[in-house]
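Read the figures in this text as sums done on the coordinates, not as results from a lab. Predicted model only: the values in this text are computed from it and were never measured. Counting neighbours? That spans all protein chains shown, and the Cβs are built from the backbone with ideal geometry, glycine included.
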Amino acid sequence: MRRPVGFVLLDRLRAVKENERGSTSVQMVLLMPALFAVMFLGMQGALFYHARTVALAAAQEGVRTAAGLDGTGAAGSQDAYAFVDAAGGDDVLIGARVIASRSATNATVTVSGRSLSVVPGWRPTVTQSASAPVERITQ
């Protein structure tokens with residue numbers, strides 16, 4: 001006696017399932033490293049972007065002070081350091097360095113440092129700069 005078509009298909013599906021035992025484990029072994037790589041790269045991108053934003057904001061804060069009517073490069077540098085410390089210090093921008101200069105017409109502040117890293121052995125550097133014309137009184 002011949003079995004109905006539906007039962008034959010069920011028998012074949014059972015045979016296929018038995019032959020694929022452990023395939024989920026293999027898929028996990030292959031896909032999990034890729035998933036973790038995507039997660040860590042996303043985290044690294046966010047940390048780098050945040051450090052870059054803090055460095056730029058610190059440079060802008062410092063250049064506002066340095067370009068003021070009675071401002072100096074040293075005062076601009078001090079304000080930039082204070083901004084980095086208020087934003088998290090070494091937890092955001094490791095080893096922050098500020099270079100400030102002021103001429104008769106222009107003030108420039110450059111903030112540099114390293115971003116935090118979740119990738120072992122990689123230390124991305126961040127450098128941001130801001131310039132502004134020096135305020136002066138004209139008659």
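Annotation: peptides 50-59, 63-72, ranked by per-residue average of other Cβ atoms within 10 Å with the highest first, follow the order 50-59, 63-72. Karplus-based coupling profile of segment 83-88, in residue order and whole Hz: 5, 4, 4, 5, 7, x, with θ = phi - 60° in 6.51 cos²θ - 1.76 cosθ + 1.60 and x standing for Gly or Pro. For segment 24-133, the normalised intensity computed at q = 0.16, 0.17, 0.23 Å⁻¹ comes to -0.68, -0.74, -1.06 (log10 of I(q)/I(0), Debye sum over alpha carbons, equal scatterers, no solvent).
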